[in-house]
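Inspection log for the structure reproduced underneath, given as structure tokens.
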Ligand SMILES: Nc1ncnc2c1ncn2[C@@H]1O[C@H](COP(=O)(O)OP(=O)(O)OP(=O)(O)O)[C@@H](O)[C@H]1O
Ligand SMILES: [Mg+2]
């Protein structure tokens with residue numbers, strides 16, 4: 001797996017997340033850190049940061065000093081307690097006086113379990129530092145948040161994803177066209193795991209990675225195709241637009257809700273639709289999306305959406 005092979009080993013090699021890297025870097029220099037909480041969307045560097053920081057602080061044998069747990073696997077808090085207890089009993093690596101416990105997906109714990117975790121954190125605070133990772137910090141009780149230094153990870157900027165893709169391609173000896181790397185940066189929406197995986201999938205299909213391959217393998221329609229749909233609504237009316245829409249769906253393998261969301265993202269960039277109308281179209285799209293999620297028939301909802309957009313655009 002390229003995502004594992006290219007996971008930065010040291011805090012300073014983490015891409016983006018500048019303020020986080022700076023603060024973690026100073027923990028690494030001082031050789032110690034408080035309880036930490038990393039929150040943010042998938043593939044933005046939370047697990048990477050936990051491993052890199054503990055490696056920077058404990059050295060190459062950091063894994064001996066690190067207990068990794070996944071909260072969604074440890075359904076009973078009792079099993080977390082037992083593991084922490086056993087782990088805390090053994091002596092830390094030479095040169096340090098504490099150990100680290102990385103608890104992934106902490107937001108999967110119920111609030112009762114979090115209440116118990118909070119006591120465990122206190123009980124072992126002298127010898128163990130906790131690093132919690134979650135997607136939504138709002139799902140972590142205040143009492144835990146107030147015991148941690150909280151770091152909010154953001155989706156990576158397109159330029160950072162682009163940079164990383166070129167770097168990985170180079171080291172894996174993959175030939176990639178520059179517009180293909182741009183396409184990866186756009187479709188991955190700031191998720192570097194998704195970006196590197198897309199590169200690996202595409203490179204397994206051909207020796208040169210092209211822009212078209214990226215769109216076809218990531219279930220994403222390229223911007224120009226989405227723009228054609230809006231053009232068609234304006235110029236050719238319902239019948240033609242409906243065919244265009246089905247074509248896009250089939251070619252890129254899009255579920256109805258994917259299509260609506262991608263059209264919505266592109267709507268922003270359509271020059272001939274004025275702002276006020278964009279708001280109305282957004283509402284129409286939101287309704288179609290909601291109805292499909294609630295179980296409304298996909299074809300019917302997409303047709304209704306297309307019909308309403310055609311009417312709005314004067315067709
Ligand atoms: N900021 C980053 N800098 C460099 N590589 C990154 C970064 N974020 C993610 N990656 C790459 O993506 C992979 C997955 O990242 P990571 O495991 O840190 O994600 P995560 O934030 O923990 O996501 P999840 O919420 O799904 O657990 C890493 O192995 C690495 O290759
Ligand atoms: Mg993770």
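The values are calculated or read from the model by the stated rules, or taken from the named source; none is laboratory data. Everything numeric in this text was worked out from a predicted model, so none of it was measured. Backbone-built Cβ (ideal geometry, glycine too); neighbour counts: all protein chains shown.
Do the conditions hold for residue 21, that is, is it at pLDDT 90 or above, away from ligand 2 (no atom under 16 Å from the Cβ) and either over 25 Å from the mean Cα position of the chain (by Cα) or not assigned by TED's automatic domain parsing to the domain that holds residue 134 (or both)?
no
Can you tell me how many residues in the stretch 37-63 are exposed (fewer than 15 other Cβ atoms within 10 Å of the Cβ) and touching a helix residue (DSSP H, G or I) at 6+ places or on another chain (Cβ under 8 Å)?
Number of matching residues: 1.
Would you point out the residue of the stretch 151-162, among those that are surrounded by fewer than 16 Cβ atoms within 10 Å (Cβ to Cβ) and more than 16 Å from ligand 2 (Cβ to nearest atom), that is nearest to residue 202 (Cα to Cα)?
Per the criteria, the residue is 159.
Looking at the structure I just gave you, is residue 101 within 25 Å of the chain's Cα centre (by Cα), closer than 27 Å to residue 164 by Cα and crowded, with 18+ Cβ neighbours inside 10 Å?
It is false that residue 101 is within 25 Å of the chain's Cα centre (by Cα), closer than 27 Å to residue 164 by Cα and crowded, with 18+ Cβ neighbours inside 10 Å.
Could you tell me whether residue 1 is within 24 Å of residue 200 (Cα to Cα), within 16 Å of ligand 2 (Cβ to nearest atom), surrounded by fewer than 20 Cβ atoms within 10 Å (Cβ to Cβ) and at pLDDT below 95?
When the stated conditions are applied, residue 1 passes them.
Of all residues in the stretch 131-145 being within 16 Å of ligand 1 (Cβ to nearest atom) and farther than 15 Å from residue 45 by Cα, which is surrounded by the fewest Cβ atoms within 10 Å (Cβ to Cβ)?
Within the stretch 131-145, the match that is surrounded by the fewest Cβ atoms within 10 Å (Cβ to Cβ) is 138.
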